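Trainee: I'd like to ask you about the structure that follows.
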Amino acid sequence: MFDFVSFIPRAIAQSIPLLFGSTGEIITEKSGNLNLGIPGVMYVGGICGVIGSFLYEHSFEDPSQMNAALGILIPLVCCLAGSLLMGLLYCFLTVTLRVNQNVTGLAMTTFGVGFGNFFGGSLIKLAGADVPSISLSTTSSLFRTTLPFAGSFGVFGQMFLSFGFLVYVAIVIALVSSHVLTKTRIGLQLRAVGEDPATADAAGFDITRYKYVATCLGCMIAGLGGLYILYLFICTGTDLAIKKLYKMLPYVVTIVVLVITSVRNKRENQPPESLGLPYFREDR
Amino acid sequence: MIHIAKRKEMPLLQSMAIRGLSVVLALVICGVITTILTGLNPIDVYVTFFSGAFGSARKIWILLQEIAILLCVSLALAPAFKMKFWNLGGEGQVLMGALATAACMILLGDKIPNALLIACMVVYSIVAGAVWGLIPALFKAKWNTNETLFTLMMNYVAAQLVAYFIIVWEVPKGSGKIGIINQSTEAGWLPQIGDYKYLLNIILVAIITVLMYVYLKYTKHGYEISVVGESTNTARYVGIDVPKVIIRTMLLSGAICGFAGLLLVGGTDHTLATTIANSRGFTGVMVAWLAKFNPFSMIASSFLLVFMERGASEISTIYALNQSFADILTGIILFFIIGSEFFITYRVYFTKKSEEVEKADV
């Protein structure tokens with residue numbers, strides 16, 4: 001029989017990077033910026049976090065002396081800082097210099113993926129290990145610390161409470177952003193900027209500031225997703241041919257959803273009107 | 001105060017100078033970063049950079065071949081972009097062309113004469129690429145479905161399809177690779193001109209470049225594409241059938257991508273891998289955009305990108321750096337080139353506060 005009890009936790013665990021990435025991208029897109037550089041941002045954010053924890057963990061002779069709070073805080077701050085820098089770079093190019101967003105995003109992906117792989121490789125060299133992996137067991141275990149009472153809920157606990165804290169952070173961030181975007185004044189203003197920057201500008205909102213803040217925030221959230229991937233062991237099974245076809249499924253589903261929303265053509269399901277277009281005040 | 005104003009149009013020479021300057025700046029930054037990370041003499045870094053691209057006859061041929069394939073993909077994407085249809089599916093369309101070619105070579109390899117086989121490969125690869133481009137175009141034309149995401153998803157679907165067939169056809173079983181197809185018979189291998197393995201590809205792409213230039217600049221189709229790109233409302237007003245133009249252009253775009261897949265599998269690699277397109281579908285976006293969709297300028301921009309890539313990868317090989325170092329350098333160079341577009345489109349000037357007040361009074 002199909003093993004739901006072990007399937008669901010694995011499905012949730014593997015979907016969290018996507019949740020981080022898409023929450024970040026939604027906030028970014030609502031401001032009218034289409035950031036195709038999210039994979040690059042995730043790589044940079046993740047590797048910055050790992051560099052931070054690597055330096056911290058290796059400054060101790062015995063990793064068990066590490067301060068647990070600092071052990072979590074340092075990678076988090078490094079990760080957020082790294083992805084913030086990527087966000088600032090994207091904003092500088094697309095908002096201040098008003099160059100094409102698709103092209104900038106693709107360049108960010110090239111850069112970010114290279115950056116991540118390069119420093120990942122260099123760290124291995126630094127650590128002088130023979131195996132091609134960096135051992136950050138202590139930090140990794142900190143990130144995997146689960147709720148202390150998860151075990152006492154039986155199957156339910158195993159299925160929904162057995163994750164590291166980043167999983168819950170992702171869910172909380174997604175819920176909070178949904179609330180802010182749809183229910184608050186700031187969210188309304190942000191959506192106005194994305195729909196029609198000229199009108200929002202006339203109403204007195206600072207377009208540049210909204211775009212910068214939303215995009216950078218989005219990048220930082222996406223960066224957390226990168227950090228999460230690196231502390232998660234994704235198991236790989238045997239390579240059956242048919243499995244490759246199953247892997248098509250998520251993308252096919254995305255296409256179907258895309259088509260259905262465009263066929264129904266409901267206003268609230270459409271992407272922002274000015275998505276992907278740079279805003280120049282004198283361009284009316 | 002800093003003021004920004006849009007320029008009318010910049011003379012070609014001046015815009016080239018700005019782009020050149022940005023490349024030089026980018027190279028300086030790359031040199032500095034390489035020196036910091038590796039402690040090498042910056043002059044050595046640049047020498048290695050150039051020798052990576054032009055070091056030997058073989059390297060020059062590889063450079064030309066890489067330019068040809070990248071140019072072919074960029075040429076395919078250009079008409080779609082000119083129409084403001086963001087075809088990010090070049091990767092998938094190339095893969096489908098490659099898959100169709102490999103399928104012909106494997107399944108028909110020893111059953112039909114070689115000339116017929118190559119004809120089949122050409123037809124099927126073009127059809128496969130065109131179909132992959134047609135699907136998003138149909139939905140875009142009918143329901144205005146977001147083509148950026150649709151084409152992006154089609155890449156992954158194509159990659160998984162290729163991965164599936166690689167396992168179906170793998171040689172030897174269990175290796176997860178196809179290996180060289182028809183190594184002994186060379187059935188379906190595109191003919192070599194003289195001793196030059198890459199010459200045929202280069203000539204074919206050169207022909208496509210000229211044809212595409214003529215198509216975009218001097219034909220009715222090309223004109224319709226640019227009108228739809230500027231404004232769909234205007235296009236509708238003057239009686240252009242917008243959905244028809246979208247579908248026709250994407251068929252062409254996908255077909256040329258499929259042809260690039262043929263050149264890769266039939267012409268040079270003689271094997272199939274999910275990485276065979278090597279992100280050219282995305283790099284091609286940048287090539288086409290940097291050249292402002294002019295096929296002849298695209299030769300220059302694809303040369304620039306391939307040159308950077310070859311040089312950067314030579315540095316990482318020679319100094320035993322991680323191969324990803326090349327990606328970092330390419331990324332930095334791209335940021336500079338992209339950023340320089342701002343100074344070509346806009347004019348920045350400084351005014352003093354008092355002048356502004358005076359202007360306001362007038």
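Trainee: Within region B:156-163, is there a residue that is at positive phi, within 14 Å of chain A (Cβ to nearest Cβ) and of a type outside the set (K, R)? Steps first, answer last, please.
Mentor: Of all residues in region B:156-163, those at positive phi come to none.
No, the conditions are met nowhere in region B:156-163.
Trainee: I've got another one for you. If the requirement is being touching a Phe, Trp or Tyr at 6+ places or on another chain (Cβ under 9 Å), assigned to a helix (DSSP H, G or I) and closer than 19 Å to B:E309 by Cβ, which of these qualifies: B:I67, B:I33, B:I18? Explain how you work it out, then say what you get.
Mentor: On the way: B:I33 fails: touching a Phe, Trp or Tyr at 6+ places or on another chain (Cβ under 9 Å); B:I18 fails: closer than 19 Å to B:E309 by Cβ.
Answer to the check: B:I67.
Trainee: What number of residues within region B:56-80 satisfy the criterion of being within 14 Å of another protein chain (Cβ to nearest Cβ) and over 25 Å from B:T274 (Cβ atoms)? Steps first, answer last, please.
Mentor: Let us first name the residues in region B:56-80 that are within 14 Å of another protein chain (Cβ to nearest Cβ), namely B:70, B:73-74, B:77-78, B:80.
Keeping just the survivors that are over 25 Å from B:T274 (Cβ atoms) gives B:78.
Selection size over region B:56-80: 1.
Trainee: Is one or more of the residues making up region B:306-326 in a helix (DSSP H, G or I), within 12 Å of the chain's Cα centre (by Cα), buried (at least 19 other Cβ atoms within 10 Å of the Cβ) and more than 10 Å from chain A (Cβ to nearest Cβ)? Outline the logic, then answer.
Mentor: Going residue by residue through region B:306-326, those that are in a helix (DSSP H, G or I) are B:306-318, B:324-326.
Adding the requirement that they be within 12 Å of the chain's Cα centre (by Cα) leaves B:306.
From what's left, buried (at least 19 other Cβ atoms within 10 Å of the Cβ): B:306.
This time we only want the ones that are more than 10 Å from chain A (Cβ to nearest Cβ), so: B:306.
Yes, because at least one residue in region B:306-326 is in a helix (DSSP H, G or I), within 12 Å of the chain's Cα centre (by Cα), buried (at least 19 other Cβ atoms within 10 Å of the Cβ) and more than 10 Å from chain A (Cβ to nearest Cβ).
Trainee: Which residue out of B:V47, B:V23, B:V73, B:V28 is under 22 Å from B:L200 (Cα atoms) and of a type in the set (A, V, I, L, M)?
Mentor: Working: B:V47 fails: under 22 Å from B:L200 (Cα atoms); B:V23 fails: under 22 Å from B:L200 (Cα atoms); B:V28 fails: under 22 Å from B:L200 (Cα atoms).
Selected residue: B:V73, the only one of B:V47, B:V23, B:V73, B:V28 that is under 22 Å from B:L200 (Cα atoms) and of a type in the set (A, V, I, L, M).
Trainee: Okay, next question. Give all pairs with beta carbons closer than 6 Å in which a residue from region A:110-128 that is facing chain B (nearest Cβ under 7 Å) meets a residue that is at pLDDT below 85 and outside any helix (DSSP H, G or I); count only pairs at least 6 apart in sequence or on separate chains.
Mentor: The qualifying pairs are A:F118/B:N322; A:G121/B:N322.
Trainee: Sticking with this one: Test A:G21 against the criterion of being modelled with pLDDT of 75 or more, more than 27 Å from B:T283 (Cα to Cα) and not acidic (D, E), and give yes or no. Working first, answer last.
Mentor: Numbers: modelled with pLDDT of 75 or more: yes; more than 27 Å from B:T283 (Cα to Cα): no; not acidic (D, E): yes.
Taking the combined requirement at face value, the residue does not satisfy it.
Trainee: Applying the selection to region B:49-64, what residues are touching a Phe, Trp or Tyr at 6+ places or on another chain (Cβ under 8 Å) and touching a residue at least 12 places away in the same chain (Cβ under 8 Å)?
Mentor: Step one: list which residues in region B:49-64 are touching a Phe, Trp or Tyr at 6+ places or on another chain (Cβ under 8 Å), which gives B:53, B:60-64.
Matches in region B:49-64: B:A53, B:W61, B:I62, B:L63, B:L64.
Trainee: Can you tell me which residue among B:T101, B:T185, B:T148 is surrounded by fewer than 18 Cβ atoms within 10 Å (Cβ to Cβ), touching a residue at least 60 places away in the same chain (Cβ under 8 Å) and of a type in the set (S, T, N, Q)? Step through it out loud before you land on a result.
Mentor: Working: B:T101 fails: surrounded by fewer than 18 Cβ atoms within 10 Å (Cβ to Cβ); B:T148 fails: surrounded by fewer than 18 Cβ atoms within 10 Å (Cβ to Cβ).
One residue alone meets the criteria, B:T185.
Trainee: Do the conditions hold for A:A107, that is, is it closer than 23 Å to B:T330 by Cβ and either more than 14 Å from chain B (Cβ to nearest Cβ) or of a type in the set (G, A, S) (or both)? I'd like the intermediate steps shown before the answer.
Mentor: On the way: closer than 23 Å to B:T330 by Cβ: yes; either more than 14 Å from chain B (Cβ to nearest Cβ) or of a type in the set (G, A, S) (or both): yes.
When the stated conditions are applied, A:A107 passes them.
Trainee: Any residue that is within 14 Å of chain A (Cβ to nearest Cβ), surrounded by fewer than 17 Cβ atoms within 10 Å (Cβ to Cβ) and part of a helix (DSSP H, G or I) - is there at least one of those in region B:107-128? Full working, then the answer.
Mentor: Filtering region B:107-128 for residues within 14 Å of chain A (Cβ to nearest Cβ) gives none.
Scanning region B:107-128 turns up no residue that is within 14 Å of chain A (Cβ to nearest Cβ), surrounded by fewer than 17 Cβ atoms within 10 Å (Cβ to Cβ) and part of a helix (DSSP H, G or I).
Trainee: Filtering region B:82-92 down to residues that are under 12 Å from the mean Cα position of the chain (by Cα) and of a type outside the set (D, E), which residue is nearest to the other protein chains (Cβ to nearest Cβ)?
Mentor: In the first step, residues of region B:82-92 are kept if they are under 12 Å from the mean Cα position of the chain (by Cα); the result is B:87-91.
Checking which are of a type outside the set (D, E) leaves us with B:87-90.
Numbers: B:N87: 10, B:L88: 7, B:G89: 11, B:G90: 11 Å.
By that ranking, first place goes to B:L88.
Trainee: Mind telling me which of the residues B:L329, B:L251, B:L263 ends up being under 30 Å from B:A187 (Cβ atoms) and over 16 Å from the mean Cα position of the chain (by Cα)?
Mentor: Numbers: B:L329 fails: under 30 Å from B:A187 (Cβ atoms); B:L263 fails: over 16 Å from the mean Cα position of the chain (by Cα).
Exactly one residue qualifies, and that residue is B:L251.
The values are calculated or read from the model by the stated rules, or taken from the named source; none is laboratory data. In this text the structure is predicted, and so the values were computed from the model without any measurement. No Cβ is skipped: glycine too gets one built from the backbone with ideal geometry, and neighbour counts run over all protein chains shown.
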